[in-house]
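S.K.: This is the structure I have questions about; it appears just below.
The values are calculated or read from the model by the stated rules, or taken from the named source; none is laboratory data. Note that this is a predicted model, so its numbers are computed, not measured. Virtual Cβ from ideal backbone geometry, glycine too; neighbours counted across all protein chains shown.
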């Protein structure tokens, strides 16, 4: 999930898994896999950075926690 801002200033959270593509026209337009589009105040680069960061964070902690739990069970 990534936090973004609508053009009217309202903040919302978007499921980054739903993003199909992001374009600049001149405002940032996010197209979702559902066909819906959302204009946001953040730059295209910022939306991509947040989406990538979200994807990376999914794999940082759960895997290491799972490995540690399995290690404790085996020991």
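S.K.: Please indicate, with yes or no, whether at least one residue in region 30-39 is modelled with pLDDT of 95 or more, on the phi > 0 side of the Ramachandran plot and surrounded by fewer than 12 Cβ atoms within 10 Å (Cβ to Cβ).
M.R.: yes
S.K.: Next up: Of the residues in region 33-53, how many are under 11 Å from residue 14 (Cβ atoms) and either under 14 Å from the mean Cα position of the chain (by Cα) or assigned to a strand (DSSP E or B) (or both)?
M.R.: Residues meeting the conditions: 6.
S.K.: Could you check region 1-17 and list, in sequence order, the residues that are free of Cβ contacts under 8 Å to residues at least 12 places away in the same chain and either part of a strand (DSSP E or B) or surrounded by 15 or more Cβ atoms within 10 Å (Cβ to Cβ) (or both)?
M.R.: 11, 12
S.K.: Do we have any residue at all in region 18-32 that's under 24 Å from residue 57 (Cβ atoms), part of a loop (DSSP other than H, G, I, E, B) and either in contact with a helix residue (DSSP H, G or I) (Cβ under 8 Å, 6 or more places away or on another chain) or free of Cβ contacts under 8 Å to residues at least 60 places away in the same chain (or both)?
M.R.: No, region 18-32 has no match at all.
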